[in-house]
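The values are calculated or read from the model by the stated rules, or taken from the named source; none is laboratory data. What you see is a predicted model; the values in this text were computed from it and never measured. Virtual Cβ from ideal backbone geometry, glycine too; neighbours counted across all protein chains shown.
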Amino acid sequence: MNFTDRMERVKEDILTRLKPYALREDTHTCPLDAASVGICADDVIKKDPFTNEFRENPDAPYVINLANAIVRSWKEVPVVIFRNEAIVGITRPEYTVHEHFSWGIQGAESVFDDHDINRDEAEKLFRRMSPFTWDHVTNEGIRLLGERRYEALCNDNMFSAGGYQGHTVPDYGTLLCNGLDGMLKLTDKWAGVNARGNDTCDLYEACRIIIRGMSEWLTMYAAEAERLAASETDAVQKRFYAEIAENCAYVAHNKPKTLYQAVQLVWTLSLWDWVDCMGRMDQYLYGFYERAVRDGDVISPEESITSIIFKIWENGSHNVTLSGMLENGSDATNELTYLMLQILRSIHDTHPRMTVRLHKNSPPELLDLVISLWSEGMSDPTVVSDETVIPGLIKIGVDPKDARNYTVLGCQEIEIPGMSNTGCEDGIFNIAKVLEYAFHNGKSTSDPDVQVGPATGEFTDFKTFDEFYTAFRIQLEYFTKIFCTLCNKGQEIRAANFAKLVKTPFTAGCLEKGMPHDAGGPVYNYGVVETAGLAAVSDSLTAVKKLVFDEQRISSETLMAAIDADFDGYEKERLMLLNKSPKFGNDDDEADSMAVKVLNTFWDEIAKYRSVRGGVFTGACSLLYSGIYYGKHTGALPDGRFKGEPLGNSIGPRPGADKSGVTAMLNSVQKLPLQKGVGGTTLNVVLTTKMLSTPALRKKTAAVIRSYIVNGGQMAQITTANLEDLADAQCHPERHGDLIVRIGGFSIQFVQLDKEAQDEIMSRYS
Amino acid sequence: MRGIIFNIQRFSLFDGPGIRTVVFMKGCPLHCTWCHNPEGISPEPEIMYEPTMCIGCGECAGACAKGMHIFQGGMHGYMRKGCTACGSCAESCCSGALSLSGYYTDTEQVLDEVMKDAPVFAESGGGITLSGGEPFYQADFTTELAASAKARGISVCIETSGMADPRKLSEAAAYTDFFYYDYKVTGEEEHKRLCGASQKTILDNLSVLDDNGSRVTLTCPIVPGLNDCKEHMRAISHIARMHSCIRDIQLKPYHRLGLSKAKKLGTEPGYDTEPPEVETLEAFRDSIRSCSGKPCEIP
């Protein structure tokens, strides 16, 4: 799409500012650094609004200190309004980001570096700022396992329990309906109903402090815009400033009436929520958009929408979700869906990240547009199936109306927007490590002298595959329990630290119950567990069953010797394991049913435990670097994988193992119990740009995606192969079985080609 | 009914409309010098051997009842002459150096595999494509596969050289939605020399498909140095104009994929040359479009 001149200039400015900030996932994408606002490195500690707030008000309750510190950190940031922009507000520079995410106030230990206070005072201040620390988890681990076993377990890297910072989407809809003053009234109303004692009173007061802080911050922006307008000589820019001043002043208190006001208010909360996730933007903004189209607005509806998408782009929000179903089950696609996708297309960058929800009645034009974006080399948007996700959410107790309103957030997690805290995620669990324990009678892999898991028997003593599977299941049950317990300990830290306090007044359930966002306040509190190692484990078990127990082509002694030696001296056995046993991802029932069995075993097991916030633990699988990270810490396995190799990509097959084409791979994945994986279960699909190059081929791709969406698939991310992938495929063909290329008149796996043919294909890129 | 095939390839995008599953049938009456599927020529199972993949484990020597695999000084010797292609060496081979090309199967088994993609066929308008080899080398099996696929409601495409008994072709045409029909070289002598058989049946059979009201895509391999000449392009256009069954034309550029397979099969090496230039192909395409008045693509 063509941006207006004004938005084109905003875009150019953003591009100039973005250059030094390559990694926007770091969410430190602020156009200012400490030096640029005249603060030297030594001042940073002294300037820290968090430490100062706690220091200056030693008698206030923690949550009040925290709320005031957050407000202070925002108000101390210089007010910056860029030329041409229509909505305003920048992220905080690094020196004020001692934020309170999950583990108390980040950087709180810097009080020990401050030479102006003595050690005792520093210690006291630190305790106040960090009422609970990571020791809370460690102590529980030691209590459960003893020091030596817990240490071995940590060194073995089976899991990471206790969670990441935790994404959620605030309730933008309720904010837009009420405005900030309306939110204050709501807070007062529920405080009146619920004030049970000092703690709840303090929490409601903290909510008021946050909401009022946002109003004050908007008022500061209004004043600055007015000042700039007064001194501006360019008539057009003068008008822009004046409009900003009026807009900010209005939404500082009132509920928005126009789209322009709505996007400024949404951006304000998003910023204070540290540009976490945006939820279903085409839904909660649609009423305002319709009105703007009908009645007109200060700036055009396209400019309003472009403005907020640009802000998200520059500041690295994690996800925008589009389309899907309305509460009544009918299709939710609207003009904003298309408009936002067209803006994304014109930006053509790794951000903003968008997800499109699809169901069997989604309009074909929507999928066509999505595929056009992929064909232009973008990996956004991701697509996700309402047909799989909604029934899965209902099964874990979500109200059907709410289930239809789900959103994708974070990287690829799922929740009900504005009313959930799903931990996001509570932990990552590597089931391949459990398999190693089953092979080694529960012995630690980093220190074989330590019996870290239950003694389930020596592998060479098992007479049948079922005996071995039982050993695997016992190990899995044992460590799932420890894992879930430790996840909850991690959540207790967050609860004690009032993590993500800004979300509390803006998440349905918190005000009503008088409970914070991270302590069971939201309506939905189910937990999310990321699963690593599925393909490696199921392919290994298939190979063990087939080659060791059924066909007895490899003795159990030889198998153990081979994996313990990382296949050194056992290349024949490794190739047999690799080539003579079917692999998940080829629509082969023998291999696929094992994957189904393993995933059911694990996801049914975690569902027996409840998150400390309330609600069951539910499965997820969308690994970023974890497949590589946990692979590094996993030994050789009977799927032919060497020690340290990656563990496969999210829910997909072992890299390169899917040799029967995309449809077979998708069929395999569709057999998995993906409805149980409503924490968010991603499949990465690689297509070459060539395959998306003509309208006829794009239609074929659309058919494959639609079939996946309506027949049990969940999420799919498409990557179009680039030259670097092909080059890597030449060196490591075993990792790239999924690269499909064209030769002559048909398609073929790149890795099946001779070197010459590969060179030929690659030469087409130059 | 039983027949012999050498591959079932799913997610094929260029062998007919939509997304298709291609069944490669073994056995072909022609011997085109540039053949890209040499494993499709013989109607019997064959052993393919790729020495560079052999790790010298010696399992095949133990597996072969005829002693056709020997190891001397770490070197693997395979004597194809006495080999019956029973496949036990391939079964024992872990590295994939030895593989069996071709296996007997039946209509039900093939269709069960093909139907796994039925939902994608429905979404994309795809279906089964019978290819080879030459599907009409096993004409009855081909007809039964086509009829069963039709009975299960999926579209049928047959890729043929046209070397078929006209009655069998007619019979199969009743169940076939699309033919991809090869026209390889122009001139009877040229055809005999390069493809190993007379072209008469092939040309006559196009009229059979005219009579059946079939939909045909004329597929023309373009092999530099053998048929990349204007006369051939004129002949393609002429044939396309003459036959009402021909809806469109596809030019299929030569590629070298068959060479390494011939080596693995131990058969005569195929014709080796550079693939045609894109500009040359586009010029051919344009001239065929204007002379034949029918669509012509380079897929």
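Here are the numbers for this structure:
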| item | result |
| --- | --- |
| Cβ pairs under 8 Å, 6+ apart, first in region B:4-16 and within 7 Å of another protein chain (Cβ to nearest Cβ), second of a type in the set (Lys, Arg) and assigned to a strand (DSSP E or B) | B:12/B:20; B:13/B:20; B:14/A:742 |
| Enumeration of residues in region B:216-231 that are in contact with a helix residue (DSSP H, G or I) (Cβ under 9 Å, 6 or more places away or on another chain) and either away from chain A (no Cβ under 14 Å) or farther than 21 Å from residue B:32 by Cβ (or both) | B:216, B:226, B:227, B:228, B:230 |
| Condition check for residue B:288: within 19 Å of the chain's Cα centre (by Cα), outside any loop (DSSP other than H, G, I, E, B) and at pLDDT 95 or above | no |
| Exclusive hit being part of a loop (DSSP other than H, G, I, E, B), surrounded by fewer than 19 Cβ atoms within 10 Å (Cβ to Cβ) and modelled with pLDDT of 80 or more, set A:80, A:88 | A:80 |
| Of all residues making up region B:204-231, the number that are within 23 Å of residue B:190 (Cα to Cα) and either surrounded by 18 or more Cβ atoms within 10 Å (Cβ to Cβ) or in contact (Cβ under 8 Å) with a residue 12 or more places away in the chain (or both) | 18 |
| Selection from region B:55-80 of residues that are of a type in the set (Gly, Ala, Ser) and in a loop (DSSP other than H, G, I, E, B) | B:56, B:58, B:65, B:67, B:73, B:74 |
| Of residues in region A:481-516 being in a helix (DSSP H, G or I) and among the basic types (Lys, Arg), the one nearest to residue A:105 (Cα to Cα) | A:494 |
| Check on residue A:747, at pLDDT 80 or above, in contact with a Leu (Cβ under 8 Å, 6 or more places away or on another chain) and either over 28 Å from residue A:677 (Cα atoms) or assigned to a helix (DSSP H, G or I) (or both) | no |
| Residue A:386 under 21 Å from residue A:610 (Cβ atoms) and acidic (Asp, Glu) | no |
| Test for residue A:742: is it modelled with pLDDT of 90 or more and either basic (Lys, Arg) or part of a strand (DSSP E or B) (or both) | no |
| Whichever residue in region B:81-104 is among the aliphatic types (A, V, I, L, M) and part of a strand (DSSP E or B) and, among such residues, is farthest from the chain's Cα centre (by Cα) | B:98 |
| Enumeration of residues in region B:265-283 that are hydrophobic (A, V, I, L, M, F, W, C) and either touching a residue at least 12 places away in the same chain (Cβ under 8 Å) or within 10 Å of another protein chain (Cβ to nearest Cβ) (or both) | B:265, B:278, B:281 |
| Selection from region A:139-150 of residues that are assigned to a helix (DSSP H, G or I) and either surrounded by 17 or more Cβ atoms within 10 Å (Cβ to Cβ) or over 29 Å from the mean Cα position of the chain (by Cα) (or both) | A:140, A:141, A:142, A:143, A:144, A:145, A:147, A:148, A:149, A:150 |
| Near pairs, Cβ below 8 angstrom, 6+ apart or cross-chain, from region A:140-158 (over 15 Å from residue A:479 (Cβ atoms)) to any residue that is modelled with pLDDT of 95 or more and assigned to a helix (DSSP H, G or I) | A:142/A:150 |
| Residue match in region A:255-277 (condition: among the hydroxyl-bearing types (Ser, Thr, Tyr), part of a helix (DSSP H, G or I) and over 25 Å from residue A:76 (Cα atoms)) | yes |
| Among residues of region A:552-591, those that are under 26 Å from residue A:664 (Cα atoms) and either within 11 Å of chain B (Cβ to nearest Cβ) or not in a helix (DSSP H, G or I) (or both), counted | 16 |
| Matching residues, region B:6-51, being of a type in the set (Val, Ile, Thr) and either in a strand (DSSP E or B) or within 15 Å of the chain's Cα centre (by Cα) (or both) | B:8, B:21, B:22, B:23, B:33, B:41, B:47 |
| Filter result (of a type in the set (D, E, K, R) and either in contact with a strand residue (DSSP E or B) (Cβ under 8 Å, 6 or more places away or on another chain) or within 11 Å of chain A (Cβ to nearest Cβ) (or both)) within region B:72-111 | B:80, B:91, B:106 |
| Total residues in region A:637-656, condition within 18 Å of residue A:434 (Cβ to Cβ), crowded, with 24+ Cβ neighbours inside 10 Å and of a type outside the set (Asp, Glu) | 7 |
| Test for residue A:423: is it in a loop (DSSP other than H, G, I, E, B) and either farther than 22 Å from residue A:716 by Cβ or aliphatic (A, V, I, L, M) (or both) | yes |
| Subset tally (residues that are facing chain A (nearest Cβ under 9 Å) and surrounded by fewer than 24 Cβ atoms within 10 Å (Cβ to Cβ)) for region B:114-123 | 4 |
| Strands (runs of 3 or more DSSP E) enclosed by region A:326-418 - at least 2 residues per element that are under 23 Å from the mean Cα position of the chain (by Cα) and either of a type outside the set (A, V, I, L, M) or more than 24 Å from residue A:163 (Cα to Cα) (or both) | A:354-358, A:382-385, A:413-415 |
| Whichever residue in region B:232-264 is within 18 Å of residue B:283 (Cα to Cα) and within 14 Å of chain A (Cβ to nearest Cβ) and, among such residues, is surrounded by the most Cβ atoms within 10 Å (Cβ to Cβ) | B:249 |
| Positions within region A:56-78 being of a type outside the set (Phe, Trp, Tyr), more than 28 Å from the chain's Cα centre (by Cα) and under 16 Å from residue A:205 (Cα atoms), in sequence order | A:57, A:59, A:60, A:61, A:64, A:65, A:68, A:72 |
| Helices (runs of 4 or more DSSP H) lying entirely in region A:649-738 (those with 2 or more residues that are farther than 24 Å from residue A:603 by Cα and modelled with pLDDT under 85) | A:723-731 |
| Criterion violated by residue B:210 - all others in (1) within 14 Å of chain A (Cβ to nearest Cβ); (2) touching a Cys at 6+ places or on another chain (Cβ under 8 Å); (3) of a type in the set (Asp, Glu) satisfied | (1) |
| Residue A:153 being surrounded by 16 or more Cβ atoms within 10 Å (Cβ to Cβ) and more than 30 Å from residue A:434 (Cβ to Cβ) | no |
| Residues of region B:133-181 satisfying the condition of being surrounded by fewer than 19 Cβ atoms within 10 Å (Cβ to Cβ), more than 19 Å from residue B:27 (Cβ to Cβ) and hydrophobic (A, V, I, L, M, F, W, C) | B:147, B:151, B:174 |
